[in-house]
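Colleague: My questions all concern the structure below.
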Amino acid sequence: MDMNAFFNDLQQKVSQVIENSPAKDIEKNVKAMMTQGFAKLDLVTREEFDIQAQMLAKARAKLDLMESRLAELEAKLAEK
């Protein structure tokens, strides 16, 4: 038996033991509790966060452009 087959067999046996043990039920219960806890919090998804970050970057770029235009206009007014 080569090492790869040995580890595959070992992994399969460990998976079977876990499937038939209380650990699987504990994992399901913990996931359910965490899901309920997170649902109560005011969290956003990664996708929503990334969209907001992109919108903020665009707004920041527009603000920088407007600030430079305003500085140019103020400079022209100061010359007159």
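Just so it is clear, none of the values below were taken in a lab; they were calculated from the coordinates. Here the structure is a predicted model, which means the values were calculated and not measured. Every residue, glycine as well, gets a Cβ built from its backbone with ideal geometry; the counts of neighbours run over all protein chains shown.
Colleague: Could you give the length gained on full extension between M66 and Q16, defined as 0.36 nm per residue of separation minus the Cα-Cα distance, in nm?
Modeller: So the chain would gain 11.6 nm between M66 and Q16.
Colleague: Counting pairs of Cα atoms in the chain, how many percent are more than 16 Å apart?
Modeller: So the pairs more than 16 Å apart make up 76 percent of the total in the chain.
Colleague: By how many degrees, between 0 and 90 and to the nearest 10, does the Cα long axis of helix 22-40 differ from the longest principal axis of the chain?
Modeller: Tilt of helix 22-40: around 20 degrees.
Colleague: Tell me whether the stretch 1-43 comes out rounded, prolate or oblate; compute the Cα gyration tensor, take square roots of the eigenvalues as a ≥ b ≥ c, and use a/c under 1.5 as the rounded threshold.
Modeller: It is oblate, given that a/c is not under 1.5 and a/b is not larger than b/c.
Colleague: Another question, if that's okay. Need the C-alpha centroid separation for the stretch 1-23 versus the stretch 31-63, integer Å.
Modeller: Rounded to whole Å, the Cα centres lie 38 Å apart.
Colleague: Further question: Counting Lys and Arg as +1 and Asp and Glu as -1, what is the net charge of the other residues whose Cβ lies under 14 Å from the Cβ of S68?
Modeller: Summing Lys and Arg as +1 and Asp and Glu as -1 gives 0.
Colleague: Quick check for the chain: number of Lys pairs with alpha-carbon distance under 25 Å, counting only pairs 8 or more apart or on different chains?
Modeller: Pairs that pass both the separation and distance tests number 7.
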